[in-house]
1. Exactly one of (1) under 30 Å from residue 230 (Cβ atoms); (2) open to solvent by less than 60 Å² (accessible area, probe 1.4 Å); (3) not in a helix (DSSP H, G or I) is unmet by residue 65. Its number?
2. What is the one condition in (1) modelled with pLDDT of 95 or more; (2) surrounded by 18 or more Cβ atoms within 10 Å (Cβ to Cβ) that residue 31 does not satisfy?
3. Among the residues of segment 75-122, how many are over 22 Å from residue 155 (Cβ atoms) and outside any loop (DSSP other than H, G, I, E, B)?
4. Residues of segment 25-65 being closer than 25 Å to residue 100 by Cα, in contact with a helix residue (DSSP H, G or I) (Cβ under 7 Å, 6 or more places away or on another chain) and not small (Gly, Ala, Ser), which ones?
5. Are any residues in segment 72-84 at pLDDT 95 or above and either closer than 14 Å to residue 39 by Cα or not small (Gly, Ala, Ser) (or both), and if so, which ones?
6. With the condition kept exactly as written, say whether any residue in segment 81-94 is in contact with a Ser or Thr (Cβ under 7 Å, 6 or more places away or on another chain), more than 17 Å from residue 216 (Cβ to Cβ) and open to solvent by less than 50 Å² (accessible area, probe 1.4 Å).
7. Would you please list the contacts, defined by Cβ atoms under 6 Å and residues six or more apart or on different chains, that run from a residue in segment 114-143 that is touching a residue at least 24 places away in the same chain (Cβ under 8 Å) to a residue that is outside any helix (DSSP H, G or I) and charged (D, E, K, R)?
8. Which residues, taken from segment 160-189, are over 30 Å from residue 106 (Cβ atoms) and open to solvent by less than 30 Å² (accessible area, probe 1.4 Å)?
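The values are calculated or read from the model by the stated rules, or taken from the named source; none is laboratory data. As the structure is a prediction and not an experimental result, all values here were calculated from the model. As a convention, Cβ positions derive from the backbone with ideal geometry for all residues, glycine included, and neighbour counts pool all protein chains shown. The area values use the complete protein model at the heavy-atom level, side chains included, leaving out ligands, DNA and RNA. Shrake-Rupley method; radii C 1.70, N 1.55, O 1.52, S 1.80 Å.
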Amino acid sequence: MERLKPMSHATRKNIGVIGLGIIGRGVAGNLRRKGFPVYVWNRSPRSVPNFVGSPGEVAEICNYIQIFVSDDEALLQTAQQLGEKLTPRHLVLAHSTVAPDSMRAAAEIVERRKARFVEAPFTGSKTAAEKGELVYYVCGNDVALRDARPILEASSKEIIEIGPTIGQASAIKVATNMITAASVQAAAEALALIQALGLPLEKFIEAMRSNASHSTTLATKLPKMLSRDFEPHFSVKHMLKDMQIANQIGLSNYLDLGVTAAARDQLLEQMHWGHGDDDYSVIARKYLHEPAPVAGEELQLEEQEEQAGAGESIASSAEMKTQSQQDAGPEVSPAPLISVPSSGASNETTRLRPGFFKQLLSRLSSGKE
């Protein structure tokens, strides 16, 4: 791994950023703060400086083009849209996490126009992009990598060269995300176990800090999982896409990727529940429920509410009955009767208390009878 050296202002040229999601937006903003002239395009128009009309227009203005679109189809479409405008002066850097085959196909489109291509998926999320602290995994020929270094340096803290063959960096990136997704899934299940046993979740986090399996991911995600803060830094839909790629690679190579398949299924469930744009740590929502009220506390609360209205409870009941008989509308049926065990040996027939079914469901869901 070689650290990049800062680039002098004399060699700076226009940089095009295509794709203004969480990362592309952060990188473009960071580049501007460092004094780079940046031109941008996104499939959904954005009210941002130097927004141009098409990828082709980006290529007309910029020699360096960074692509931050979200998936395989978008990457290939972007490469095609750039195609006619590309020349040997262009350097295209593809940062999408896609299948290795898709990355190679994009490279072929670019290189067919004699432009240079660098594969550069990254690790790091919203904050890292905004601060210029991404880590890039890169592949490409020596000439392309040399010219790409100053551009990558502007938005990264580290660059790791994987090899010369396009597609290898994508495989590395997918593999690292397999660990990330599995780690957060395991953490969510561990939190569920701690909660089920009635232990403080904060103590689990404290214990993990000194555990050998602790990681930057867990240090970031665990507190947010506890506070139910699922603001997207890396969304469910994007992590799901990566796990699907991993499983497809596994199937094509006869690999049993059981943990990855399980992580994929949990992310898919969150997509079905409409949480695709939340941070992928939202899987914790399935496992961490709000503690159900203790039966005694709930009954005590109801008794307090009844006492507060004791002066009017019986009288108002009689008045309501009289009024209902006078009204033209249909008579309201009384609350159903059910047999509820009393504190003595015998049972007594009692009207259902307000909120009875809510109490019952709450206790059932918490495992109490």
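1. The failed condition is (1).
2. The failed condition is (1).
3. Here the count works out to 13.
4. 27, 41, 55, 64, 65
5. Within segment 72-84, 72, 73, 75, 76, 77, 78, 80, 81, 82 qualify.
6. Looking only at segment 81-94, we keep the residues that are in contact with a Ser or Thr (Cβ under 7 Å, 6 or more places away or on another chain), and these are 81.
Subsequent filtering for residues that are more than 17 Å from residue 216 (Cβ to Cβ) retains 81.
This time we only want the ones that are open to solvent by less than 50 Å² (accessible area, probe 1.4 Å), so: none.
Within segment 81-94 (the criterion being in contact with a Ser or Thr (Cβ under 7 Å, 6 or more places away or on another chain), more than 17 Å from residue 216 (Cβ to Cβ) and open to solvent by less than 50 Å² (accessible area, probe 1.4 Å)), the answer is no, since none of the residues qualifies.
7. 133/157; 135/158; 138/161; 139/119
8. Initially, segment 160-189 is screened for residues over 30 Å from residue 106 (Cβ atoms), giving 185-189.
185, 187, 188 - these are the residues of segment 160-189 that are over 30 Å from residue 106 (Cβ atoms) and open to solvent by less than 30 Å² (accessible area, probe 1.4 Å).
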